[in-house]
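Notes follow once the structure below has been shown.
The values are calculated or read from the model by the stated rules, or taken from the named source; none is laboratory data. Here the structure is a predicted model, which is why all the values come from computation and not from measurement. Here the Cβ positions follow ideal geometry from the backbone for every residue, glycine too, while neighbour counts run over all protein chains shown. Accessible surface areas use protein heavy atoms only, side chains included; no ligands, DNA or RNA. Shrake-Rupley method; radii C 1.70, N 1.55, O 1.52, S 1.80 Å.
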Amino acid sequence: ELSFDTKLKVAANILGYKGLPPTIEEFLTNDYYLGKICKNLYPFWVDKLKEIYPTCIHTAHPIVIVKGGIGTGKSTFARIMAMYNVCRLMFLKNPHDTFKMVPGKFIDFNFFSYTNGLAQTEFIDVLDEWTKLSPYFMEAIKSDLFKQFTFTCDGPRGNNAISKDIIFYNLSELNFIPYDKAFEKLSNALKRW
């Protein structure tokens, strides 16, 4: 008869965590993580993030499709998911062991958009700015904990996913490229992931 918290700690230990990561709510509200960035996040997205991440070590939906009009927060939502996953991975004793990956390779987060440049400016450049606003991520960079992760961008004509150990894909603006190319990108992402 273990309490829920005790069960969560036991599960985290079995999975290879050195401690419990923050909950998604703490990650969004605590200035140590992304609180400064997420203070104006639409409540709709907060609810969706809590649904996707019911605990600090569980993901209810490993594949998420986000739709909505311009300016509704879809890209921000994807960026938060990426950063939360980086945070959770950094709480593992050894992410490579947990995921049965060969040590020495980076764990990659791949961002696809209508153009390679757009993926860079809309996702990777913004995430770089976010890390500078977060004491947690700045400490991780200074301690070299962050160096095991890479963010790469991709577009319809590129294939920056080749030979990478990708744990997170963001396929943005897939509906703006020809169907056969979009299908190919999605299929390759699912196979590699």
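Some notes on this structure:
- Semi-axis lengths, Å, the chain, gyration tensor of Cα atoms, sqrt of 5 times eigenvalues: 27, 20, 17
- Amide H partners (placed H, <5 Å) of F149, local residues excluded: I107
- Once the Cα atoms are used to define both axes, helix 179-192 deviates from the longest principal axis of the chain by about 30 degrees.
- Once the Cα atoms are used to define both axes, helix 4-15 deviates from the longest principal axis of the chain by about 60 degrees.
- Net length gained if the chain between T72 and K39 were fully extended (0.36 nm per residue, minus Cα distance): 10.3 nm
- For segment 18-91: span of alpha carbons on each principal axis (Å, largest first): 40, 27, 17
- Within the chain, DSSP assigns beta bridges of which about 10% are antiparallel (rounded to the nearest 5).
- Net charge contributed by nearby residues that have their C-beta within less than 12 Å of N188 (K/R +1, D/E -1): +3
- The trypsin sites (Lys or Arg not before Pro) of segment 127-169 that meet both conditions, a loop assignment by DSSP and at most 11 other Cβ atoms within 10 Å of the site Cβ, are R157.
- Restricting segment 1-107 to GluC sites (Glu not before Pro) in coil, as DSSP defines it, with at most 15 other Cβ within 10 Å: E1
- The aspartates and glutamates within cross-link reach of K185, meaning a Cα-to-Cα straight distance under 14 Å and a gap of 8 or more places when in the same chain, are D154, E173.
- The chymotrypsin sites (Phe, Trp or Tyr not before Pro) of segment 88-136 that DSSP puts in a loop, and whose beta carbon has at most 13 other beta carbons within 10 Å, are F99.
- Contour excess over end-to-end distance, with Cα ends at K93 and K18 and 0.36 nm allotted per residue: 26.5 nm
- MRE, 222 nm, helices only [DSSP H, n ≥ 4, -39500 (n - 2.57), over the chain, to nearest 500]: -13000 deg cm²/dmol
- In Å², nearest 10: area of D144 left accessible to a 1.4 Å probe: 80
- Prolate/oblate/rounded label for segment 40-128 (Cα gyration tensor, a/c 1.5): oblate
- Alpha carbon centroid spacing (whole Å) that separates segment 48-107 from segment 118-193: 12
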